[in-house]
There are 2 protein chains.
Amino acid sequence: MNEFELIARLTKTLPTNESVVTGAGDDCAVLDLGVPDKLILFKTDAVVEGIHFTRETAPEKIGRKALARCLSDIAAMAGTPTAALVTIALPKNFDAEFVAQIYAGLNALAEKHAVAIVGGETTTNPERILISIALLGTVARGKHILRSGAKVGDAIFVTGELGGSRAGKHLEFEPRLAEARWLADHFQIHALMDLSDGLAGDLPHLLKASQVGAQLLKSAIPVSRAAKMRAKENSAAKPAVLAALTDGEDFELLFTIASKHAVKLLDAWKKNFPELKLSCIGKIGGGEGILLRDKIGSHKLNAHGYVHFA
Amino acid sequence: MNEFELIARLTKTLPTNESVVTGAGDDCAVLDLGVPDKLILFKTDAVVEGIHFTRETAPEKIGRKALARCLSDIAAMAGTPTAALVTIALPKNFDAEFVAQIYAGLNALAEKHAVAIVGGETTTNPERILISIALLGTVARGKHILRSGAKVGDAIFVTGELGGSRAGKHLEFEPRLAEARWLADHFQIHALMDLSDGLAGDLPHLLKASQVGAQLLKSAIPVSRAAKMRAKENSAAKPAVLAALTDGEDFELLFTIASKHAVKLLDAWKKNFPELKLSCIGKIGGGEGILLRDKIGSHKLNAHGYVHFA
């Protein structure tokens with residue numbers, strides 16, 4: 001049983017109550033706690049030494065990444081982050097200076113986005129550092145965007161460039177908070193999520209939630225320079241497009257919008273975010289799963305990102 | 001540097017914003033998110049295999065304990081829990097049935113207290129299971145009770161019995177949610193917290209936050225049957241009263257109230273909670289720290305619970 005199968009089993013019958021607008025399964029939980037004009041967003045995310053960072057990673061970047069990942073989930077709901085709790089599990093003989101620097105990186109990013117750090121705890125995890133962030137945010141009532149709203153005929157967009165994040169971006173990415181709020185304020189976005197496991201791994205979640213399929217145009221996938229460089233320098237590395245589809249930790253926005261608004265969106269985007277690429281990478285169709293089109297034909301893309309000829 | 005010294009350093013200068021009513025340092029963070037009649041409570045707490053439970057612990061009890069600890073912190077603010085996120089970090093070859101049973105125990109307690117489980121995540125921690133709960137709650141505006149309100153002359157109360165929790169109570173305790181709300185509704189409680197590290201370890205936090213001292217009457221400390229049994233059966237074990245002061249994981253309420261209301265409180269308590277002991281264990285004084293009085297005299301109690309003759 002893998003992580004997704006386990007989660008599917010565990011989340012089938014969870015306790016609920018009248019505060020729950022959207023429970024498990026989207027980028028954040030959405031709660032109605034009685035704020036007249038707002039809903040509450042609630043999210044946790046953990047980073048673990050040896051998986052998301054190493055002992056060689058600069059500690060400020062570890063702290064920054066831990067918070068940035070959670071901020072990206074608030075962005076994926078078109079929300080605004082408010083307050084976070086920080087849980088740090090540490091080996092017994094921790095280096096206090098190292099921990100202080102983790103906090104320094106985390107605090108700097110929190111201040112940039114006006115997020116309050118309101119506590120948390122330190123506990124013991126003898127073998128490795130684990131940092132879990134719990135984040136609260138808000139979103140205007142009626143403005144939060146789920147994964148489940150994609151419609152047949154929608155254009156599929158992605159911000160930035162994909163792949164090769166491990167070369168550095170995974171520690172320095174900018175959560176797309178302002179961009180997502182701008183999208184929600186100016187366009188009728190049907191479905192939105194952030195990319196953490198790679199387009200080939202994440203898009204299926206959006207498709208499944210929306211009960212639709214997707215056709216992607218291989219040449220339209222925005223491949224990062226880091227992924228291209230790696231493919232060029234190392235013949236054993238993944239082809240650059242496959243890296244863009246499967247590397248993960250892109251923390252870009254993936255969203256769909258009615259095709260008729262696509263051109264207007266691209267124009268407005270260029271004016272507002274001239275330094276951040278926005279790419280239309282395909283369209284939503286009926287059926288299931290992802291078809292990747294190139295000059296030769298259509299290939300089926302599975303959730304693990306492997307390309308099979310269809 | 002121990003945990004408390006590290007926390008003191010890290011929490012000295014945390015980012016804040018206008019939503020923060022009470023940040024790090026109390027049982028929960030308190031936020032004003034604009035709910036007309038309520039404030040929001042926000043808390044995380046983690047349990048770690050080998051520290052808070054073992055592989056031999058029944059998995060339902062592990063899940064129950066993880067949530068119950070957090071609920072106890074909501075009780076410590078006189079609040080009501082609303083929704084939780086569950087982070088489970090697991091070794092690679094986890095037993096799915098074991099994890100499902102952790103959830104079963106957690107879900108059962110959540111349902112009992114009408115708490116929604118709105119998601120979370122599973123991640124990898126190769127050597128041991130770690131469960132972190134993030135919990136949201138609410139409290140009526142003006143009704144949340146901090147640690148910092150104790151006044152000289154207050155009577156100090158504790159619910160239940162202390163010590164020996166490791167014999168079983170730490171897996172089965174009832175978070176004192178109803179009791180704490182009743183206290184807040186019917187009496188002017190000056191300071192309130194829950195006992196997790198033992199009276200000798202926790203009371204100093206309340207005293208420091210309130211800038212007062214305390215005198216405890218040794219004979220008034222409610223010692224659990226489990227602590228008494230252990231002391232009786234094993235001459236190498238802690239004396240029972242010392243166990244009650246230092247064992248920890250009691251998850252009872254500790255609070256102070258003006259002495260003139262103490263008798264009325266005890267009477268009303270007996271009517272409302274006839275099965276739960278409430279003990280007046282001493283009084284708040286000027287000065288610093290804790291003095292423990294017995295027939296011989298007064299002893300200074302330090303934060304680690306050791307008794308020194310004063």
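Where a number appears in this text, it was derived from the coordinates with a stated rule and is not lab data. Quick caveat: nothing in here was measured; it's all calculated off a predicted structure. Here Cβ is always computed from backbone atoms with ideal geometry, including for glycine, and neighbour counts include all displayed protein chains.
Annotation for B:Glu5, label-to-label distances across the other copies: 4.9 nm (shortest first, one decimal, point 7 Å from Cα along Cα→Cβ). Note on B:63-74: average number of Cβ atoms from other chains within 10 Å of each residue's Cβ is 0.
Note that the range B:247-256 has calculated 3J(HN,Hα) couplings of 4, x, 6, 6, 6, 9, 8, 10, 8, 10 Hz, one per residue in order, obtained from phi through the Karplus relation 6.51 cos²θ - 1.76 cosθ + 1.60 (θ = phi - 60°); glycine and proline are x.
Rounded to the nearest 5, the antiparallel percentage of DSSP beta bridges internal to the range B:154-309 is 85%. Per residue of peptide A:50-58, the mean number of Cβ atoms on other chains within 10 Å of the residue Cβ is 1.
Ordered from longest to shortest, the equivalent ellipsoid semi-axes for chain A are 30, 25, 19 Å, each the square root of 5 times a Cα gyration tensor eigenvalue. The per residue volume of the convex hull around the alpha-carbon atoms of the protein assembly as shown is 156 Å³. Entry note, the range B:154-309: relative contact order of 43 percent, from Cα contacts under 8 Å with a spacing of 6+ residues. Comparing Cα centroids, the range B:149-205 and the range A:42-62 end up 35 angstrom apart. Note: relative contact order over chain B, using C-alpha pairs below 8 Å and six or more positions apart, is 20 percent.
Exposure proxy ranking for B:Thr124, A:Thr13, based on other Cβ atoms within 10 angstrom of each Cβ and starting from the fewest, stands as A:Thr13, B:Thr124.
Around the amide H of A:Arg141, modelled in the peptide plane, lie the amide H atoms of A:Lys38, A:Leu39, all under 5 Å away and 5 or more residues distant in sequence or on another chain. In whole angstrom, how far apart do the alpha carbon centroids of the range B:104-136 and the range A:116-146 sit? Using only Cα atoms, the two centres lie 14 Å from each other.
In plain terms, the residue of A:Ser132, A:Ser298 with the fewest other Cβ atoms within 10 Å comes first and the most crowded comes last, giving A:Ser298, A:Ser132.
Give the percent of DSSP beta bridges with both residues in the range A:3-140 that are antiparallel, rounded to the nearest 5. Beta bridges within the range A:3-140, antiparallel portion: roughly 75 percent. Counted over the protein assembly as shown, the DSSP beta bridges are approximately 80% antiparallel. Cα centroid separation, the range A:17-32 to the range A:233-302: 28 Å. Counts of other chain beta carbons within 10 angstrom of each beta carbon in peptide B:17-28 average 4.
For chain B, the 222 nm mean residue ellipticity estimated from helices alone, with every DSSP H stretch of n ≥ 4 adding -39500 (n - 2.57) and the total spread over all residues, rounds to -9000 deg cm²/dmol.
Can you compute log10 of I(q)/I(0) for the range B:224-308 with the Debye formula, treating each Cα as one identical point scatterer, at q = 0.21 Å⁻¹? For the requested q values the scattering log ratios are -1.23.
GNM on chain B, alpha-carbon springs under 10 angstrom: the most fluctuating residue among B:Ala209, B:Ala96, B:Ala227 is B:Ala96. Among B:Met229, B:Met77, the ranking by other beta carbons within 10 Å of each residue's beta carbon, starting with the fewest, stands as B:Met229, B:Met77.
Starting from the label point of A:Thr124 at 7 Å along Cα→Cβ, the same points in the other copies fall at 2.6 nm, in ascending order.
Would you mind classifying the range A:1-125 by shape? Square roots of the alpha carbon gyration tensor eigenvalues, ordered a ≥ b ≥ c; an a/c under 1.5 is rounded, otherwise it is prolate if a/b is larger than b/c and oblate if not. Here the range A:1-125 falls in the oblate category. Once you treat every alpha carbon in the range A:154-309 as an equal point and sum by Debye, what is log10 I(q)/I(0) at q = 0.17 Å⁻¹? Scattering profile of the range A:154-309, log10 relative to I(0): -0.98. Each copy carries B:Ala167; placing its label point 7 Å along the C-beta direction from Cα gives inter-copy distances of 6.4 nm, listed from smallest up.
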